[in-house]
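Following: one structure in structure tokens, then a few remarks.
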Amino acid sequence: MRMLQKKICMLGAYAVGKTSLVRRFVESIFDEKYHTTLGVKIDKCEVEIGDIHLTLVLWDLAGDDEMEQVKLTHVRGASGFILVVDGCRKSTLDRAFALRERVEEALGPIPAVLALNKSDLRQEWEVSPASVEEMFAHHMPVFVTSAKTGEAVEDMFRALATRMLAKSPS
């Protein structure tokens, strides 16, 4: 069995659920309390994809409404990224589109997926899955997720891991 390690960056506006998605995936837990990420928080999770034992190094970057230069240094070396959109806040969709463009300018095209998060609050959504598909489908797969219920969280991380391995020569 081959062993590899890949860096994934979690990107999105503040309070979209980046940290909650990571905690759901890594620890299988959800906390109702909002925890602001300052700077970057790094977690690791191991998955098996075919005959490859893959350690995912998850860089949970602080959300904000501006992509600072320091953030671009955080994404360097990433093998992939997850854009997170809060279905309850339309402004986070536009922010995600701008973040994708900035990251691809800095790193070139790398594997990515989009999480349309907070499906457990679908009655409060301002964002339609169709509009997200329209903006992102030709760039990356879109997953409707809930860190609270766990909906599609593991599928999303595994799909990104598979995409990174398909692109990786090692």
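Mind putting a number on the dipole of the chain about its Cα centre? Charges go on the C-beta only, +1 for Lys and Arg and -1 for Asp and Glu, and I need it in Debye to the nearest 20.
Values: 22 positive and 25 negative charges, 85 e Å.
Using only the charged Cβ atoms, the result is roughly 400 debye.
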Could you check the spin-label model distance between Glu27 and Trp125? Points 7 Å from the Cα along Cα→Cβ, value in nm. 2.8 nm
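Can you put Met10, Met1 in order, fewest other beta carbons within 10 Å first?
Details: Met10 24, Met1 7.
Least to most surrounded, the residues fall as Met1, Met10.
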At 18 angstrom or more along the helix axis (alpha-carbon based) and mean Kyte-Doolittle of -1.0 or higher, what helices does the chain contain? Whole DSSP H runs only. 91-107, 153-167
Cβ density ranking, 10 Å radius, fewest first, applied to Ile52, Ile29, Ile82, Ile110 yields Ile29, Ile52, Ile110, Ile82
Here the equivalent ellipsoid of the chain, derived from its Cα gyration tensor, has semi-axes (largest first, whole Å) of 23, 18, 16
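Quick check: residue separation of Asp155 and Arg76 times 0.36 nm, minus the Cα distance between them. What number comes out in nm?
Taking Asp155 through Arg76 to full extension adds about 26.0 nm, to one decimal.
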Within the chain, helix-based [θ] at 222 nm, where runs of 4 or more DSSP H residues each add -39,500 (n - 2.57), nearest 500: -10500 deg cm²/dmol
If you rank Cys88, Cys9 by fewest surrounding Cβ atoms within 10 Å, what's the result? Cys88, Cys9
Top mean-square fluctuation among Gly63, Gly108, Gly80, Gaussian network model of the chain, C-alpha springs under 10 Å? Gly108
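Every number in this text was worked out from the coordinates using simple rules, so none of it is lab data. All values reported here derive from a predicted model rather than from experimental measurement. Cβ: placed from backbone, ideal geometry, glycine included. Neighbour counts: every protein chain shown.
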